[in-house]
Amino acid sequence: MTTVRETIPPFAFAKFCANQSDQCDVRGGQAPISMTKERRLLLQSINAQVNRDIRYTDDPSDKDLWRAGVSAGDCDDYALTKRQRLLDVGWPSSALRVATARTEEGVGHAVLVVSTVEGDFVLDNRTNVMKPWYAARLQWIKIQSQDDPRKWLTF
């Protein structure tokens with residue numbers, strides 16, 4: 001995934017960092033990470049588990065809320081929860097980046113992008129199948145920086 005320049009983060013993400021600053025700190029080593037069989041299985045397991053555990057519900061029309069560790073939420077909540085679970089088991093923040101995009105239908109969407117030596121993979125609440133970024137059928141808008149989770153970059 002090639003980024004162009006730094007941009008402002010989504011407003012709801014900035015509020016999320018203000019409320020849960022530990023979730024936005026730099027943690028662990030540098031990406032990309034090597035994709036072992038165990039790591040691939042863990043990614044697939046967490047993706048499917050979070051997709052199953054969270055009941056999809058839209059945010060209220062007057063506010064966009066980004067939260068981790070919820071039982072009900074929208075796409076950004078799924079992405080942040082997956083990121084939180086992977087951080088909790090020792091994955092580096094540089095390998096776990098939330099990205100925003102548009103679906104083929106033109107709907108705003110958020111996913112977790114995992115950076116590995118084999119490429120960037122997408123964990124999406126719409127499918128339990130982990131896909132390479134180029135096969136996710138998304139029009140990419142912006143993504144967290146690998147160097148600092150509080151910074152965002154455009155494509």
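See the values below:
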item: Inter-probe distance in nm under a simple model that places probes 7 Å from Cα toward Cβ, at Leu42 and Lys15; result: 3.3
item: Under Karplus coefficients 6.51, -1.76 and 1.60, residue-wise ³J(HN,Hα) of the stretch 124-133 in Hz, glycine/proline x; result: 10, 5, 7, 8, 8, 8, 6, 10, x, 4
item: Charged-residue dipole, Cβ positions (Lys, Arg, Asp, Glu), the stretch 28-155 about Cα centre, Debye nearest 20; result: 320
item: Partnerless Cys - the chain, beta-carbon criterion under 4.7 Å; result: Cys75
item: Packing rank of 37-44, 112-119, 84-91, where each peptide gets the mean count of other beta carbons within 10 Å, highest leading; result: 112-119, 84-91, 37-44
item: Principal semi-axes in Å for the stretch 52-155 [√(5λ), Cα gyration tensor, largest first]; result: 20, 17, 14
item: Spatial separation of Cα centroids for the stretch 1-68 and the stretch 115-153, in angstrom; result: 10
item: Order by protection proxy (mean Cβ within 10 Å, highest first), peptides 55-61, 140-146; result: 140-146, 55-61
item: Close Lys-Lys pairs in the chain, where close means Cα under 21 Å and separation is 8 or more or interchain; result: 12
item: P(r) of the stretch 1-115 over all Cα-Cα pairs, binned every 10 Å from zero, in whole percent; result: 12, 45, 35, 8, 0
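Throughout, read-outs are computed from the coordinates displayed, never taken from laboratory work. Note that the structure is a prediction, hence the values are computed from the model and not measured. Don't worry about glycine lacking a Cβ; one is built from the backbone with ideal geometry, like all the others, and counts go over all protein chains shown.
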